[in-house]
1. For a distance above 19 Å, tell me the whole-number percent of Cα pairs in the stretch 30-91 that qualify.
2. So which residue, out of I21, I55, I64, gets the largest mean-square fluctuation from a GNM of the chain using Cα contacts under 10 Å as springs?
3. Between 0 and 90 degrees, rounded to the nearest ten: what's the tilt of helix 49-61 against the longest Cα principal axis of the chain?
4. Roughly how far apart, in whole Å, are the Cα centres of the stretch 1-29 and the stretch 50-91?
5. Angle check, please: helix 17-28 long axis (alpha carbons) against the longest principal axis of the chain (alpha carbons), in degrees 0 to 90, nearest 10.
Amino acid sequence: MQRLHVLIHGKVIMVGFRYFIRNKALFLGLNGWIRNVDDKVEAVFEGPQEKLDKILEYCEDGPITSEVEKVDVKYEKPENIKGFEIKGEII
């Protein structure tokens, strides 16, 4: 298991980006979280490398409503997160 930590820059706020990525992560069976940070989106994913490669492609492309300029990527030690959460949601 690997851990991927990304910071996504561009037009990624108020365009459904977090929900798009959450749905892709759930489909791939990845664990982690995603949240807005100022004018960027930050996310952590844990799972097998081949699935992390795929979610990174989704982060680089985003939904049709977004315009991704760049994605900062780093690999970290896994923390065995369970489930996938959108942080900062008010219900």
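1. I get 33 percent for the Cα pairs in the stretch 30-91 exceeding 19 Å.
2. Sorting by GNM fluctuation, first place goes to I64.
3. 0 degrees
4. Between the Cα centre of the stretch 1-29 and that of the stretch 50-91, the gap is 3 Å.
5. It is inclined by approximately 30 degrees.
No value in this document is a laboratory result; all are computed from the given coordinates. From a predicted model like this one, the values you see are computed outputs, not experimental measurements.
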